[in-house]
Amino acid sequence: MIQVIADSLALGSVYVLFSLGLSLSWSVLGLLNLAHGAQFMLGAYFAFLVGEHFHVSLLIVLPLVVVAVALTSVIADLLVYRRLRIRAGTPAESELAMLVASIGLAAVAETIVQNATSGNSEFIPSSVYSVRTLSIGGSVLHITNIQVLMTIVTIALTIAFAAVVKWTRFGRAMRAAAVDPATCELLGVNANRLFSVTMAISGGMAGLAGVLLGIDLSNVSFQMGDPLITKAFAVIVIGGVGSIAGAAIGGYVLALAETLVVIYGPASYQDAISFALIIIVLLVRPTGLFAQRRWQRSLWDTSRRTRSCSSRRWCT
Amino acid sequence: MGYFTQNEVLFQQTLVYMILAISIQVVLRSGVVSLASIGFYTLGAYAGAILSKDGWPSFAILVLVTLVSGLVGYAFGRPVARLRGLYLAMATLAFDLVIPILLSNGGSFTGGSLGLYGIPVSISTGALVLIVVVVIYVVSQIERGWMGRASLALRSDEDLARSMGIRVARERYLSFAISAALGGLAGGLNGMLFRAVSPSGIGFGLITLVLAMAIIGGRESWLGAIIGAYLVTWLPQWLGFIGLYQNLFFGLILVVVMLFFPDGLLGAARLGISSLRRRQIAGREQIPTGKQMAT
Amino acid sequence: MAVAACSSSSSSSSPASTGSTSSASSTGSANVASSTTLPSTITVTSIQDLTGAVGPVGISTQDGMNLAVKAINSSHMLGNTQIQITYKDTQTTQSQAVAEASAAASTSVDAIFGPVLSTEAVAVAPIVESAKIPTIFTQAGGPGVVTPGGYVFRVTAPQSDYQPNLVKYLAAHNVKTVTMLYDSTVPTTAGIAQTTLPPLFKSAGISIKGSYGWAEGTSDFSSYATKVASEKPDAVGVEGITTEPSPVIIALRNAGYKGLIFGGTSFQAFTLQAAGQQAKGVIWATDFDQNSTDPTTAAFVKAYEAAYKGAPLDYAAEGYDAVYLLAYGLKDTTGTFSRTALQAGLAKAAKAGFTGALGHNVFVNQDLVEAGYIQTYTGSAVETISGS
């Protein structure tokens, strides 16, 4: 039983880390970033490249990769997403346009890596981080050092992030911009710059998750991010968009449910769990279990979604 | 004619994709971001396969599959259509992706991971063309009629639409139902074309492909969906030299279209035509253009 | 021009060979070399999964085919006739495969090499049969693909052929209990785990403690590993495709499982290197032995490594032998050249068998049969334990 919890903690940490980034871009910009999986994959791939060619340790690889992936987010925002937001007539159009564009960007990134690796999988060399198993209490608990690292990083990052959102000026600006960017501008916040920074954070988290999971699985392949997107959907839906605590709890709950299915139930339905949860929660309790109406993107507020934008500078 | 017979299967595939693209366009037009028709496509293909093995003739299968999909779509349209925008997109995406998992765990009834093959009924290209023409006719009538105009109003401003007496909710269910029906029809046809169905072709790839068809062509009308389906199906053939970079090219096209042609190629064409006309008229009647007026 | 009327010509195939005739049995005995004039170019469309989930398999097959074509053409095995292959990519999509097959069948190409994926092969086979165009498949382990007397030939033995030896090996090594882990979304692996192995285990007196399938795209196997480790079976079978083996093995070892791990065709040096030392001692059954001292196989491996800078996978060997089957079939074609004549030639060549990269190839009902080899991983290299 304790092994089950340990497995769920490790798996859940990946889900949470990945989902936080997705939830961030969704709640603040209205971007359902289907390229998030590709950025996650880029994190793992960059780590592989750096590790293969330079044989440096995780301490150097990690910040390098996180910055690199964050940069891809910023570039995508500057070149594509920002223009789509400005051009859109209603927030709904902006959302759809950015969604479709993110699909295109994901295809570009994945095809490049696919060709660079000839479709094969690679693995991050152990010079970056050597994975060892820690056996606790004889055979009672088996856990690897990377799994422990993932869990610690996730919990620390989640708490830090929640603190930033709640208590710093930047956090307040982010929450305000999510609700009403026009008013924000009036109050002296450069909304466009804020959005780019948000994208950078979102991308950075995806990259971080990618490196850690790439090490954990000893596997880096160009498609590794795709299955995670739907899991992230489930996490966000369960927890409520924009709720950090919700994403954290949702991630661990999903991981626990999947682990239990494998251990006690028909294992091949493991993936179906996340899909089923999405559908059920959306139909029954769409705001999620921990919705905070304060800065959550409104589900029901149709008037806001379909009215024409008051400001010509963007539409979120 | 040699070209046609050589590429006949591709033509047939294009026709089926046209129906599928229209099924997405129909809902996008009224602002409902539903991808559910792809799930009905999968179910329709399997239902058709199973029924055909029981001896059902092709016409009966198609009618049944279309009707049942439409009814189920209408029934589900009620709770689902309450959701807005991206949430609806996500819910329908999850629906689309859970179906292949269930099917591949269905044992010998669904053929498991191998699927069902050796489907006894088939459909001729001529019949396929006829069906597509009928679909286009029905959809264009809807577009032109009260429901079509209501859809446009819905997308621009819902509250205004409601205040003008348009029954917003009913519009949503109807377009959802039509989308589902068309999806099921396309699925049934697909099974008859390729004589095999399997869960392996259904995934993110197919969903993005169909969404791209509706968007690239232009979601204002069925014509956009037709153009989009034709282009997206044939692009790999024309760009065969790109080889393994096909997906990248496809992704770039998506981004470029969203940036520069948000109304798709159809929208761009319409803009082009109307600006041409404007220049013609201005030339003929010496009507001051905007530039001249803004002194 | 190494073909004399009655000599077995199998060894003139590879460029690095020293010309020693290898096989003892009746290879090429039906070689009536010049009773038909072959066209100067034999055109073949090779429909492969070059991108998508099984892209690496398709690319490996393509590499093997290209090597064979080069060898056959440069050694003038068919006289002045050259083989020319055009490749089409299915993008691992069933409908694309079907479209390509129909298109190819309605052109004037002489033969088709089919896709490797079972779901695609199963849909393509009826089309090529009714179009009466000779088609050679590799992999493609689905049922009903090959009809005796028809136009379809397969140069990969079905899994049910070489699993018996594996099970025998397990039984001989005191394995009494087994747990299966497999990819449930791929017909080949699901078929092995659900259909092929259970009856073999039963008759060998091995009981199955558990059988768990994972869905394609699963990346975290720790919960599966935990489950298996708690059951403590004598051996664990891992049936996956492409690069799934290593993560599973690593997860099993991390969960504390120390017993024997066995697998299938996806177990190769290349896919196991990520697991490294943790995969030491795993065994698997395969149809290709790259360590074989058989001259044809050794020559193939050498040529492959020279051309592609890496060891060949079994898919490459299968592609290589598929082209050679075509070549032998062409030599056995009599009368006016046509697709039907080629089919008869292929049937004759298959019946006679030949020695290729896979070893001595024997066909029954146009389908390759062989007992296969058992190989193991030392932690850094592949060794062959036993084989046909």
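The values are calculated or read from the model by the stated rules, or taken from the named source; none is laboratory data. If you're wondering where the values come from, they're calculated on a predicted model, not measured in any experiment. Here Cβ is always computed from backbone atoms with ideal geometry, including for glycine, and neighbour counts include all displayed protein chains. These area figures cover heavy atoms from the full protein model, side chains too; ligands, DNA and RNA do not enter into them. Shrake-Rupley method; radii C 1.70, N 1.55, O 1.52, S 1.80 Å.
Some observations on this one:
- Mean Cα-pair separation over length for region A:126-259, i.e. relative contact order, pairs under 8 Å, 6 or more apart, %: 16 percent
- Under 5 Å, built H, 5+ apart or other chain: amide partners of C:M180: C:G210, C:S211, C:Y212, C:G237
- Computed across chain A, the Kirkwood hydrodynamic radius from all distinct Cα-Cα pairs reaches 20.0 Å.
- Nearest-10 value in Å² for the accessible area of C:I374, using the 1.4 Å probe: 10 Å²
- Pairs of Cα atoms nearer than 8 Å and 6+ residues apart set the relative contact order; for chain C it is 20 percent.
- Counting only other chain Cβ atoms within 10 Å of each residue's Cβ, the peptide B:256-268 averages 3.
- In chain A, taking the dipole from charged Cβ atoms about the Cα centre, the farthest positive-side position among A:V74, A:G204, A:A232 is held by A:V74.
- Exposure of A:M150 as accessible area (Å², to 10), given a probe of 1.4 Å and all protein chains: 10 Å²
- Here the protein assembly as shown is assigned +1 on the Cβ of each Lys and Arg and -1 on the Cβ of each Asp and Glu. Its dipole about the Cα centre then comes out at about 3560 debye.
- Restriction of the trypsin sites (Lys or Arg not before Pro) in region A:40-141 to DSSP coil positions whose beta-carbon has at most 12 other beta-carbons within 10 angstrom yields A:R132.
- Put simply, chains C and A cover up around 2200 Å² of each other's accessible surface, both sides summed, when a 1.4 Å probe is used.
- Percent carbon-and-sulfur accessible area, chain B, ignoring ligands, DNA and RNA, probe 1.4 Å: 68 percent
- Angle in degrees between helix B:8-29 and the longest Cα principal axis of chain B, rounded to the nearest 10: 60 degrees
- Out-of-range pairs (alpha-carbon distance over 18 Å; input C:K70/C:K132; C:K331/C:K351; C:K302/C:K331; C:K232/C:K258; C:K209/C:K232; C:K168/C:K227): C:K70/C:K132; C:K302/C:K331; C:K168/C:K227
- Cα Rg over Rh - chain C, Kirkwood: 0.98
- C-alpha long axis of helix A:91-116 to longest principal axis of chain A, angle in °: 30 degrees
- Solvent-accessible area lost in complex, 30 Å² minimum, residues of region B:60-82 relative to chain alone, 1.4 Å: B:R82
- Per residue, the solvent-accessible area of the protein assembly as shown (1.4 Å probe, heavy atoms of protein chains only, all protein chains present) comes to 37 Å².
- Close amide H partners of A:G288, meaning residues 5 or more places away or on another chain with modelled amide H under 5 Å apart, do not exist here.
- Residue-averaged beta-carbon neighbours from other chains (10 angstrom radius) around A:7-19: 2
- Of the three principal axes defined by the Cα atoms of region C:29-178, the extents in descending order read 59, 40, 30 Å.
- The Rg/Rh ratio for region A:60-114 is 1.09, where Rg is the radius of gyration of the alpha carbons and Rh is the Kirkwood radius.
- Percent of Cα pairs in region B:2-201 per distance bin of 5 Å, from zero to the largest separation: 1, 8, 15, 19, 18, 15, 11, 7, 4, 2, 0, 0.
- Highest-first arrangement of B:271-282, B:225-236, where packing means the average Cβ count within 10 Å: B:225-236, B:271-282
- Mean Cβ count within 10 Å, highest first, over the residues of peptides C:162-170, C:352-360: C:352-360, C:162-170
- Interface A-B: total buried accessible area of about 4100 Å², 1.4 Å probe, protein heavy atoms only.
- Inter-chain Cβ neighbour count for C:86-95, averaged per residue, equals 4 (cutoff 10 Å, partner chain atoms only).
- Relative intensity of the protein assembly as shown on a log10 scale, I(q)/I(0) at q = 0.09 Å⁻¹, equals -1.02, per a Debye sum over C-alpha point scatterers of equal strength in the absence of solvent.
- Equivalent-ellipsoid semi-axes for region A:1-74 (Cα gyration tensor, √(5λ), whole Å, largest first): 23, 22, 9.
- Carbon-plus-sulfur accessible fraction, chain C (probe radius 1.4 Å, protein heavy atoms only): 54%.
- Taking the C-alpha atoms only, the angle from helix A:270-284 to the longest principal axis of chain A is near 30 degrees.
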